[in-house]
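Asks: Take a look at this one; I'll ask things after.
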There are 2 protein chains.
Amino acid sequence: MQQTRLDTARIRAARRVIDPVFLDTALYRCEALEPHLGCAVSIKLETANPVRSFKGRGTEVVAGRLAQDGPRAVVCASAGNLGQALAWSGRGRGLDVTVVASRFATRAKLDRIRALGAGLELVDGDHELARERAAAIARHEGIRLVEDSLDIETCEGAATIGLELAATAPSFDAVLIALGGGALATGVGHVMKALAPGVEVICVQPAGAPALTRSWHRRRVVTTAATDTIADGVAGRYPIPAVLADLLVVADDAVLVEEASIVAGMRLLFEQAGLVVEPSAALGVAAILEDRDRFAGRHVATLVCGANVDMDAYRRWIGAPLHPS
Amino acid sequence: MQQTRLDTARIRAARRVIDPVFLDTALYRCEALEPHLGCAVSIKLETANPVRSFKGRGTEVVAGRLAQDGPRAVVCASAGNLGQALAWSGRGRGLDVTVVASRFATRAKLDRIRALGAGLELVDGDHELARERAAAIARHEGIRLVEDSLDIETCEGAATIGLELAATAPSFDAVLIALGGGALATGVGHVMKALAPGVEVICVQPAGAPALTRSWHRRRVVTTAATDTIADGVAGRYPIPAVLADLLVVADDAVLVEEASIVAGMRLLFEQAGLVVEPSAALGVAAILEDRDRFAGRHVATLVCGANVDMDAYRRWIGAPLHPS
């Protein structure tokens, strides 16, 4: 396989610095979903941990290395899950953590970041403005900037999910991965291509936040002027060139899904699987709903990557009518 | 410690015949719950598996041993979770599984038992009538009767949860266990007393189905004429003497909780932990809600033992107002 910034031996080493509470997460067939989706479905559940998302895997690697020999203060921009995870990982190691987020971010995520003892600065704009502000703070204060998907530790941490998936392949023949900044997709994708190359790696992004997917299809960075999606965890506009380069190596496809399908996916996961998930975590199911023929009769694994939602919004989503498809 | 029917070496051996999909389940601090409960809370999550309850641990032991040298046909009475699990474990080993259940059982559970290919017979009465009918079928057809909590395999399977808990103790100082037939409480309780004797073992039962709890307090079997609880998974009336004898050895306390507290517990787990649980799985949280002083400042582990609910009822429960306490 072509080179990426990732290395399987380093990913195995990363596993050893991650708190076991984030590792060896449940992976199981969910037959109750299957009549609704027309294919065999396995769930990889990344929400049953102290921060309710997969991001702890990456922040454990970041914080673990910093605690050994780096600066004691870090800042990151976050839509909410990275910030929560960095706050958790930093707290356990005595790091001083600052999180910059959009003031439009999911309130439950911001509340948890504060509760975990991190400093929280809100910007009056979207996630891309938060990224700029975090970089400015890092420069000004001379502290470590943690950049999701660009910093290799965030990709290596996410990639440890791939090690766990590859250990059970070829029991499934495609994996559906939410595509945001790209750490999850490039990390898991790298491992699948290295250790289970027969498994199709499919990235899923909302049609309302399509920058990285469009970039993948055009093989060059494409930015967008705005995003419009409930999937706050994956709503970026400025893809990182190095991440796109890796994604071009490891992804077999990148697809866009409609908002109605994301809501239908959340509702199916609630009703048939008993899982509370945030919109980003329903992208895989949404992709199946939108292209049943593609997946018919196959065995698909989908990563349930986060469960941090505002409950008022969530109650509306699961009360909404099912997608008509 | 005084003898029980259980043996720690046999429990370790049982672990080796259980499909890994049921083992090493998530155990994590859930800080978002803690301001609401006034104590540190760890969740042991037994619902992220193909049957959405802990019962697969026990049925794997039953079916694994039967597949080696036993009869190829089995029957059990079930409120729904044991039947689902036995159907799953039996299907994988080519066993012929019959489940007898009350026609008032949770519909979602009955549907899953059918979907898993088991024969399902409904009785026009409660779980105790289903137990009688299952025993009659076993006698008449000469097939194996699986009796939850009485059959040592069901206790040994459940007890493997205790091995996982004991591996992290003394990080918590009490464990709250739903009390139904008693397999979960005697199994986990046995291991805690053997390997982590400093951890308080507290059983929790609904006030509307108090037979085994009353029996524990009076140190003799007490039956009740009826049950009245939404916690269908623990609604027995006729405690098994051998199980009570074990429970008297391993439980430090057995408490009863009101229906309103069970609903409040389900709602807290939904809103603060993002977990869909069935009523039985909220008994631990209900016990904390009813006796905050007892748990204040302590670290409590609670077993989230099942997530099979009728969604219409569940939507009502999580929409209900919080318990006023």
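Read-outs throughout are calculated quantities, based only on the coordinates presented, and are distinct from any laboratory measurement. Only a predicted model underlies this, so the values are computations on that prediction, with no experimental measurement involved. As a convention, Cβ positions derive from the backbone with ideal geometry for all residues, glycine included, and neighbour counts pool all protein chains shown.
Asks: Taking a point 7 Å out from Cα toward Cβ as the label site, list the nm distances between residue A:171 and the same residue in every other copy, smallest first.
Replies: Going from nearest to farthest copy, the values are 2.5 nm.
Asks: Right, something else. Semi-axes of the equivalent ellipsoid of the stretch B:209-323: what are they in whole Å, largest first, if each equals the square root of 5 times a C-alpha gyration tensor eigenvalue?
Replies: Output for the stretch B:209-323: semi-axes of 25, 18, 12 Å.
Asks: Run the quick spin-label model on residue B:140 and residue A:312: label points 7 Å from Cα toward the beta carbon, then report their separation in nm to one decimal.
Replies: 5.8 nm
Asks: Which log10 I(q)/I(0) values does the stretch B:1-79 give at q = 0.12 Å⁻¹ under the Debye formula, counting every alpha carbon as one identical point scatterer?
Replies: For the stretch B:1-79, the Cα-only Debye profile gives -0.53.
Asks: Also, quick follow-up: Suppose each label sits 7 Å from its Cα in the direction of the beta carbon; what would the residue B:248-residue A:107 distance come out to in nanometres?
Replies: About 5.4 nm separates the two model spin labels.
Asks: Please report the net charge: other residues with Cβ closer than 10 Å to the Cβ of residue B:274, K and R +1, D and E -1.
Replies: Charge balance near residue B:274 sits at -1.
Asks: Something else about it: Find out how many positive minus negative residues lie around residue B:201, taking Lys and Arg as positive, Asp and Glu as negative, among other residues whose Cβ is under 12 Å from that of residue B:201.
Replies: Computed value for this residue: -4.
Asks: Give me the Kirkwood hydrodynamic radius of the stretch B:79-225 in Å, from all C-alpha pairs, to one decimal place?
Replies: 16.8 Å
Asks: Over the Cα atoms of the protein assembly as shown, compute the convex hull volume and normalise it per residue, giving Å³.
Replies: Value for the protein assembly as shown: 147 Å³ per residue.
Asks: Return the percentage of antiparallel bridges among DSSP beta bridges fully within the protein assembly as shown, rounded to the nearest 5 %.
Replies: Percentage antiparallel, nearest 5: 10.
Asks: Sticking with this structure for a sec: Once the label point is set 7 Å along the Cα-to-beta-carbon vector, what list of distances in nm do you get between residue A:68 and its counterparts in the other copies?
Replies: Counterpart label points of residue A:68 in the remaining copies fall at 4.4 nm.
Asks: Relative to the compact-globule scaling 2.2 N^0.38 Å, provide the ratio for the alpha-carbon radius of gyration of chain B.
Replies: The reported ratio for this selection is 0.91.
Asks: Applying 1/(1 + (r/R0)^6) with R0 = 25 Å to the Cβ-Cβ distance of residue A:36 and residue A:195, what FRET efficiency is obtained, to the nearest 0.05?
Replies: Using R0 = 25 Å, I get an efficiency of 0.25.
Asks: Mind checking the angle between helix B:241-250 and chain B's longest principal axis? C-alpha axes, 0 to 90 degrees, to the nearest 10.
Replies: Tilt relative to chain B: about 30 degrees.
Asks: Between the stretch B:143-222 and the stretch A:1-53, what is the separation of their alpha carbon centroids in Å?
Replies: Rounded to whole Å, the Cα centres lie 31 Å apart.
Asks: Which distances, shortest first and in nm, link residue A:292 to the matching position in the other copies, using label points set 7 Å out along Cα to C-beta?
Replies: Sorted ascending, the copy-to-copy spacings read 5.0 nm.
Asks: Ok, one more. Using bins 10 angstrom wide from zero, how does P(r) for the stretch B:196-260 break down, in % of all Cα pairs?
Replies: Here the calculated profile for the stretch B:196-260 is 23, 53, 22, 2.
Asks: Which Cα, out of B:138, B:80, B:116, lies furthest along the positive dipole direction of the stretch B:56-146 (beta carbon charges, K/R +1, D/E -1)?
Replies: Of the candidates, B:116 comes out farthest on the positive side.
Asks: Mind checking the mean number of beta-carbon atoms from other chains within 10 Å of the Cβ atoms in B:46-58?
Replies: Mean inter-chain Cβ contacts per residue within 10 Å come to 3.
Asks: Now, a different point. Note down the Stokes-Einstein diffusion coefficient of the stretch B:34-75 in µm²/s, whole number, using a Kirkwood radius over alpha carbon pairs, 4 °C, and 1.567 mPa s.
Replies: My calculation gives 99 µm²/s for D.
Asks: Run the helix sum for the protein assembly as shown: -39,500 (n - 2.57) per DSSP H stretch of 4+ residues, divided by residue count, reported at 222 nm to the nearest 500 deg cm²/dmol.
Replies: Roughly -13000 deg cm²/dmol at 222 nm, from the helical runs in the protein assembly as shown.
Asks: How many partner chain Cβ atoms sit within 10 Å of a residue's Cβ in peptide B:22-32, on average, as a whole number?
Replies: Across the residues of B:22-32, the mean count of other-chain Cβ atoms within 10 Å is 5.
Asks: OK, next. Between residue B:67 and residue B:93, what is the label-to-label distance in nm when each label sits 7 Å out along the Cα-to-Cβ direction?
Replies: 0.7 nm
Asks: If packing is taken as the average number of other Cβ atoms within 10 Å across a peptide's residues, how do A:117-123, A:293-299 rank, most packed first?
Replies: Put in order of decreasing packing, that is A:117-123, A:293-299.
Asks: Take the stretch B:137-204, compute every pairwise Cα distance, and split them into 10 Å bins from 0; I just need the percent in each bin.
Replies: 23, 44, 19, 10, 4
Asks: Which value in Å does the Kirkwood hydrodynamic radius of the stretch A:55-146 take, with 1/r averaged over all unlike C-alpha pairs and then inverted?
Replies: By the Kirkwood definition, the hydrodynamic radius is 12.6 Å.
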